Amino acid sequence: MTFLAAALIMASVLLTPFQEALAAPSGGRMGGSFGGGNRQSYSSGRSSYRPQSSYNSYSRGFTQGYGTGYLSRPSVTVVPSIGGYGYGYLGAPIVTSPGLTVVSRGPSIVDFFNFWVLCHGSFWTFTSSFVDGDGYGDDGVSMVSSSALGSGVTVAQISVAVRVPNRNDPSNILNFLERLSRAASTDSRVGISNLVSQVTLELLRQKRSIFAADTEYKHFQSNDENGAQRHFSSKAIQERSKFEKESTNRYGGVDYSSKSLPRGGGGGEGSGGLVVESNLPSGATNAVVTLIISIDGDSTKLPQINNMSDLEKALTRIATDVKVDDCLRSAEVLWTPDDRNDFLSDRDIYVDYPKLRNV
């Protein structure tokens, strides 16, 4: 059955007229980049106890003050004596002079206690210095950058191919993206997270029209955030290069579009003032929508697409994670075709999106 399906797809690609493959459709783009959010440096909420600032100062003061006052000089007892010289307990000298005898009694219990405090304080000084060099800051907190979604940064991408049977239908994915491009706020992190969430939600609603999809993701450690940004930019450029032009291009609050979007309300079909003129082509086409995000943490792990259930999980994961705190760093929403006179054939999809898998 799988072989038959693959053969049919191949036949449709090979038998498609060549002039269709020459049609380089336009593309649309929305997105923004805002870097990392306000993250704290901690690791799983675990802090390291730092005795140096409290216990060590106490032990140093104790051992250098109280300790040196007793441990550094012997315990002595002065008793009356007639005179002489000899040895006493544990070989301690007994020095006598007329009328006095000075007896050294050796270490006392207090001396042993002071010695223990000195050794204990030295041990904690050594261990705390070792911890300082192993990823902990002066406040005793692990310096591993983390967010609500975990540590590091993840760059994730999902592409879906959608059937559009009627370009004039206001509910199709292309008309939805056109309306959204006029209303979306791309100049704030909140606006971009709302944008990505809306697109993924709409794709879930139109899942019956989706016939192929693909996902990928890559995680970067906290000390390689620049690598994550480079990877995100590389993936975005790779996808955008598939368009001959970007008719809609709104990024970071700036409109770089090469076409004038229809304005105004009333009289047109669809919502949001979209004007659909009767002379526009109503033929069927395919569409490909791609979302690329750079997001804090290691939680945004997208499943490999093998069936519709995997697709739903991937879209739901993205829609959920982009709304968590300030975790979303950058996002690109790309789609093709964008111009109403353009179309996307099966052959175009096969050439430009070879990784897509049937669902």
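For the reader, a short list of remarks on this structure follows.
- Top-ranked residue of the stretch 301-327 - restricted to ones that are touching a Gly at 6+ places or on another chain (Cβ under 9 Å) and either among the basic types (Lys, Arg) or assigned to a loop (DSSP other than H, G, I, E, B) (or both), ranked as nearest to residue 221 (Cα to Cα): 327
- The stretch 281-301: number of residues that are crowded, with 22+ Cβ neighbours inside 10 Å and within 13 Å of residue 318 (Cβ to Cβ): 8
- Pairs, first under 18 Å from residue 344 (Cα atoms) in the stretch 196-215, second polar (S, T, N, Q) and buried (at least 21 other Cβ atoms within 10 Å of the Cβ), C-beta under 6 Å, six or more apart: 214/159
Listed here are the residues, each with its yes/no results for (1) open to solvent by 50 Å² or more (accessible area, probe 1.4 Å); (2) hydroxyl-bearing (Ser, Thr, Tyr); (3) more than 29 Å from residue 309 (Cβ to Cβ).
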| position | (1), (2), (3) |
| --- | --- |
| 175 | no, no, no |
| 178 | no, no, yes |
| 192 | no, no, no |
| 223 | yes, no, yes |
| 231 | no, no, no |
| 247 | no, yes, yes |
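The values are calculated or read from the model by the stated rules, or taken from the named source; none is laboratory data. Because the structure is a prediction, the values reported are computed rather than measured. So basically every Cβ, Gly included, is an ideal-geometry build from the backbone, and we count neighbours across all protein chains shown. SASA here: full protein model, heavy atoms, side chains in, ligands and nucleic acids out. Shrake-Rupley method; radii C 1.70, N 1.55, O 1.52, S 1.80 Å.
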